[in-house]
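Engineer: Supplied in structure tokens, the structure appears directly below.
The values are calculated or read from the model by the stated rules, or taken from the named source; none is laboratory data. Values in this document were obtained by computation on a predicted structure and should not be read as measured data. Cβ coordinates were reconstructed from backbone atoms using ideal geometry, including for glycine residues, and neighbour counts include every protein chain displayed. Surface accessibility is based on the protein's heavy atoms, side chains included, excluding ligands, DNA and RNA. Shrake-Rupley method; radii C 1.70, N 1.55, O 1.52, S 1.80 Å.
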Amino acid sequence: MSTILASVAVQNGSPSRASLEVLSRARQIADGQGATCAAVVLSPDASAVADELARYGAQKVYTVSDPIFARHINTPVLTALEAVIAEAQPSIVVFPSSEGVKDVLGALAVRTGAAVLPDVASVEMKDGGVEALRPVMAAKFMARTRAEGDLVLVSVRAGSYEAVEAPTEAAVEEIVFSFDEATLRQTLREVVGSTAGTVDLSDAQVVVAAGRGVKDEAGKQLVEELADVLGAAIGSSRAVVESGMFPATAQIGQTGKVVSPDLYIGVGISGAIQHVAGMSNSRIIVAINTNPDAPIFDVATYGIVGDLYKVLPILIEEIKKVKAVAA
Amino acid sequence: MKFCVCIKQVPDVTAPIQIRAGELSMDAGRVVLNAYDASAVEEALVLTADNDGEVDVVLIGPERATETIRKALAMGADRGAHLVVPEDTELDSAAVSQLLAGHFKDYSYDVILTGKQAQDTDAGLAGGMLAERLGLPYATNAVGLAIEGDQLVVTRQGDTGQEIIVLPTPCLVTCSNDMNNPRIPSLKGVMGAKKKPVDSAPVAEIPEASVRVLGYEPLHTREPGRFIEGEPAEQVAELVNVLELS
Ligand SMILES: Cc1cc2nc3c(=O)[nH]c(=O)nc-3n(C[C@H](O)[C@H](O)[C@H](O)COP(=O)(O)OP(=O)(O)OC[C@H]3O[C@@H](n4cnc5c(N)ncnc54)[C@H](O)[C@@H]3O)c2cc1C
């Protein structure tokens, strides 16, 4: 029986939301094919999340436990995934399209002789091949792409599918892995500006994103306060990452991250296509901008033409009030 | 250090583009040097200016893509190589990396740079594929590069922070446009570029693609939105109401 394998990333001890989304999709595809839905986890303590993965439909969980996976380094990830693919013999491997996955996908495809469909918005089996819709031209259009072969690797943009529970029993198979660090040709000296431990932007349900309209420390504070009262993750445009006001991990768009929250609030962002490429899949989009002709209003569900320095203080106070009443 | 930057000519994604019978239709003249590659060229130029060295560029594309090589030469690169393919040849990332791997068999570089992705397809695979084919250590999505002795220190934008990675040479790095702002070629650069060597040769055999584009579709359109009018206090009141934040 063939296997559809979902690659799962562990964040703060749990599978990331984007990982559960691809696992859910893997299960749907496996159901349609009469195939086994399996998951692979690389983590210092990979078996710890096996129960959670069974809850989302993994009938088989391949675990590779090693302290080296506490931080991302491409070589050991490649070695481990190659070993799991050799053991599981999947026909499709689906990954969440994170930076960690983007780092290894090409090399893994060459190593395993796989065809690869990167950063897709949807994926299905069709006439014996794998077909996917991929945003192209800065997400202005979708390209329908098709891959054929015994093994196809697919990475899926965050928010493309819903994570749906489908409880089952999972058989756990620990893949023996020993990585000789002496064979590592690159070294990871340090990780700076780490946001580990906070809500990941791609996983967030509410995102407040800041752009060049946020001109100073006072504006930044307003954005932080709004995010705080909403329990939101903070995103940004490239302009304010470039200026150093926000960290690069916050960047949303073609170069940055893809977000698909229930609610995205863009503050002082013009809505350049390269930014919209990363957020147009949000359920509700609110834009606050002084310029009524700003292109962000073309994708906004609710547009507020106004000065963020005037609108945000009132908005923060009003949200505090409703939350206080609700509590 | 000797650098080679792999560059691509891409359609200008900000130009008007339509779909006609499942195909993208746009002004064929609106083409640019892929922005991520431009950042890679810029970084190589900065690093070789400080530390000595050379910067070559290599491009796979039709005859007319030579202008993109000239652009990189005008920025300051020393030499160009053009692997010429017929107009409208479909190459997937695997095919591109295969052709580039063939090219690099005949050369020796300390550092190969590529853009982290192409602006038109956003696939982001060719760099990692090329590194694997050449057996090189690599890092992707670099936002900073520095030379330390005979090693390269890469600042990589990861999922949760910036990873500082030390690579031995030879190695391969894919570059983000968050790395720098590429220089605009000066008139002197443009004139000088005309005299720089470009080694151009047709590709003997086009590798077969394992991934094919069947056609293009419009994005599913969003429900039209609306403006919330009034004074800030009124706008906020209505917004809080429609968002049902309570
Ligand atoms: C290859 C490539 C990749 C890129 N990738 C990305 C990416 O991943 N993410 C990204 O964001 N960009 C990306 N960009 C850059 C993008 O093209 C834009 O330059 C950028 O998004 C602009 O950021 P911005 O909207 O904050 O700034 P601007 O375009 O300068 O817009 C600022 C907005 O703030 C409004 N404003 C000013 N003052 C106020 C106020 N007081 N109150 C309210 N509104 C106010 C203005 O009306 C304006 O609309 C990329 C570009 C390229 C070429």
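Engineer: Over 32 Å between C-alpha atoms is what I'm after, so list which of A:K310/B:K116; A:K140/A:K220; A:K140/A:K215; A:K60/A:K126 land there. Please list the in-between numbers first.
Structural biologist: On the way: A:K310/B:K116 39 Å; A:K140/A:K220 30 Å; A:K140/A:K215 29 Å; A:K60/A:K126 24 Å.
In this structure, A:K310/B:K116 exceed 32 Å between Cα atoms.
Engineer: Something else about it: Starting from the 7 Å offset along Cα-to-Cβ, what nm value, one decimal, do you get for the label separation of A:E148 and A:M1?
Structural biologist: Spacing of the two 7 Å Cα→Cβ label points: 2.8 nm.
Engineer: Can you pull the one-decimal nm distance between simple spin-label points at A:E87 and B:N241, each 7 Å off the Cα toward Cβ?
Structural biologist: So the two model labels end up 5.9 nm from each other.
Engineer: Evaluate the Debye formula for the protein assembly as shown with equal point scatterers sitting on the alpha carbons, no solvent, and hand back log10 of I(q)/I(0) at q = 0.10 Å⁻¹, in q order, two decimals.
Structural biologist: Evaluating at q = 0.10 Å⁻¹ gives log10 I(q)/I(0) of -0.86.
Engineer: Oh, and also: Summed for both chains, how many Å² of accessible area, to the nearest 100, are buried between B and A with a 1.4 Å probe? All intermediate terms of the calculation are to be shown ahead of the outcome.
Structural biologist: On the way: alone 14490 and 15730 Å², together 23430 Å².
Buried area (both sides, nearest 100 Å²): 6800 Å².
Engineer: At 222 nm, what value in deg cm²/dmol follows for chain A if DSSP H runs of at least 4 each add -39500 (n - 2.57) and the sum is divided by all its residues, to the nearest 500?
Structural biologist: Details: 9 runs with 98 residues, N = 327.
Computed ellipticity for chain A at 222 nm equals -9000 deg cm²/dmol.
Engineer: So how long is each side of the range A:159-247 along the principal axes, counting just the alpha-carbon atoms, biggest first, in Å?
Structural biologist: That works out to 53, 42, 21 Å along the principal axes.
Engineer: Still on this model: Which whole number gives the average count of other chain Cβ atoms within 10 Å of the Cβ atoms across peptide A:147-158? Write out the running numbers ahead of the final one.
Structural biologist: On the way: counts 5, 3, 2, 0, 0, 2, 1, 0, 2, 0, 0, 0.
For this peptide, the per-residue mean of nearby foreign Cβ atoms is 1.
Engineer: Roughly what % of Cα-Cα distances in the range A:3-183 sit above 21 Å, to the whole percent?
Structural biologist: Values: 7027 of 16290 pairs.
The proportion of pairs with Cα distances above 21 Å equals 43 percent.
Engineer: Working only with C-alpha atoms, what are the Rg and Dmax values of the range A:193-302, expressed in angstrom?
Structural biologist: 12.3, 38
Engineer: Ordered by packing density, taken as the mean number of other Cβ atoms within 10 Å over each peptide's residues, highest first, how do B:27-38, A:119-130 rank? Could the numbers behind the result be given before it?
Structural biologist: Details: B:27-38: 19.7, A:119-130: 17.2.
Per-residue Cβ counts within 10 Å, averaged per peptide and sorted highest first, yield B:27-38, A:119-130.
Engineer: Provide the descending list of Cα extents for the range B:132-172 along its principal axes, expressed in whole angstroms.
Structural biologist: 28, 26, 11
Engineer: So for each of A:76-84, A:282-290 I average, over its residues, the number of other beta carbons within 10 Å; can you give me the resulting order with the highest mean first?
Structural biologist: Values: A:76-84: 20.2, A:282-290: 22.4.
Packing order, densest peptide first, comes out as A:282-290, A:76-84.
Engineer: Report, as an integer, the average count of C-beta atoms from other chains found within 10 Å of each Cβ along B:222-231. Don't jump to the answer; show the numbers that get you there.
Structural biologist: Values: counts 9, 1, 4, 11, 5, 8, 8, 3, 2, 3.
Taking all residues of B:222-231 together, the mean is 5.
Engineer: While we're here: Could you order B:E208, B:E163, B:E229, B:E54 so the one with the most accessible surface comes first? Probe is 1.4 Å.
Structural biologist: Largest accessible area first, the residues go B:E208, B:E229, B:E54, B:E163.
Engineer: In addition: Using only C-alpha atoms and all pairs of different ones, pull out the Kirkwood radius for chain B in Å with one decimal. Write down the numbers at each step before the final one.
Structural biologist: Numbers: mean 1/r = 0.0502 Å⁻¹.
So the Kirkwood estimate lands at 19.9 Å.
Engineer: Still on this structure, I have one more. On average, how many beta carbons from a partner chain sit within 10 Å of the beta carbon of a residue in B:142-155?
Structural biologist: Numbers: counts 0, 3, 0, 0, 0, 0, 0, 0, 0, 2, 1, 1, 2, 3.
Per-residue shielding by partner chains comes out at 1.
Engineer: Let me ask something else about it. Need one number: nm distance between label points at A:A326 and B:T221, each 7 Å from Cα along Cα→Cβ, rounded to one decimal.
Structural biologist: 3.3
Engineer: Still on this structure, I have one more. Which sequence of B:K194, A:K102 reflects their accessible areas, 1.4 Å probe, from the largest down? Provide the component values of the computation, followed by the final result.
Structural biologist: Details: B:K194 135, A:K102 65 Å².
Greatest to least solvent exposure: B:K194, A:K102.
Engineer: With r defined as the distance between the Cβ atoms of B:T14 and B:A49 and R0 fixed at 25 Å, what FRET efficiency is calculated, to the nearest 0.05? The partial results should precede the final answer.
Structural biologist: Details: r = 30 Å, r/R0 = 1.21.
Efficiency, from the Cβ-Cβ distance: 0.25.
Engineer: With every protein chain kept in place and ligands, DNA and RNA left out, what is the accessible area per residue of chain A? Probe 1.4 Å, answer in Å².
Structural biologist: Working: 12430 Å² over 327 residues.
Each residue of chain A exposes 38 Å² on average to a 1.4 Å probe.
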